[in-house]
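The values are calculated or read from the model by the stated rules, or taken from the named source; none is laboratory data. All values reported here derive from a predicted model rather than from experimental measurement. All Cβ positions, glycine included, derive from the backbone under ideal geometry; neighbour counts span all protein chains shown.
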Amino acid sequence: MEITPLLDNKQLFELMALLRDAQRVVITAHRGPDGDAMGSTLAWADYLRGLGKQVRVILPTPCPDFLKWLPGARGVLYFSNDDMRPMATKFIQEADLICLLDFNALHRLQDMGPVVERAKAKRIMIDHHEGPDEKAADFIVSRPGASSTCELVFKLIYQLGAFDELSRNAAACIYCGMMTDTGGFAYASNDPEIFIIIAHLLTKGIDKDKINRNVNNTWSENRLRFFSYILTERLRFFHDHRAGLFTITREDMKRFH
């Protein structure tokens, strides 16, 4: 079964022109990158490198430890890192094209936002959140009904005629993002096309069971201690209302980071 095109012909040609004319590309996502942010940026980077582009993934802040296994994650620059910031700034300033993935406004980049805003590069936004800032990018692909930005990245690569060239590494990144942004396909995943995409990804040889283990069953000591602390110290029950809740402070986050 074919994948429904995201773009009409005019939009497709506009995107193709932006990609064709760019040589130095920076790809970024929101602060505190989750599986969808990491998966979409790394998969899009892999695709663009296949086109011969010079690509850098630069994120405002680091990803969680349980996502550092993703193919390409070791090469990511983090703007919040004092040692990486000068190099990251240089790449942003020299870029021909900046791709904004999995966020809808530049303030989601925190301190990195003004640097991106001042850059001379054209900007592309690919996102599935409501209310994109139309001034943030020159070309916007916004589909709030999509399960994830990774779903959109897959559909764009497919529509651009590059599915055959899609690598297993990129496919693994896309699957990870789709899986994490739907809670393991427990919500936001009733569209049958999501599972058609998964079938396509499986033909690339990805191990979806291993991806699930890496994300959900691989815990650092700090993460395990954090959840233990929440359950023993922060969890409160309200039996009359048959409810329970826990609160987390900023100090808690710093303590167990």
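Listed values, structure above:
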item	result
Breaking point among (1) in contact with a strand residue (DSSP E or B) (Cβ under 8 Å, 6 or more places away or on another chain); (2) outside the structural domain of LYS135 (by TED's automatic domain parsing), for ILE3	(1)
Identity of the residue in segment 57-98, in a strand (DSSP E or B) and not aromatic (Phe, Trp, Tyr), that ends up nearest to ALA171 (Cα to Cα)	VAL57
Pairs with Cβ under 8 Å, 6+ apart, first in segment 89-100 and in the same structural domain as VAL115 (by TED's automatic domain parsing), second in a strand (DSSP E or B) and polar (S, T, N, Q)	ILE98/THR28; CYS99/THR28; LEU100/THR28
Given (1) more than 22 Å from PHE163 (Cβ to Cβ); (2) crowded, with 16+ Cβ neighbours inside 10 Å, index of the condition ASP46 fails	(1)
Breaking point among (1) modelled with pLDDT of 95 or more; (2) more than 13 Å from the chain's Cα centre (by Cα); (3) not acidic (Asp, Glu), for PHE66	(1)
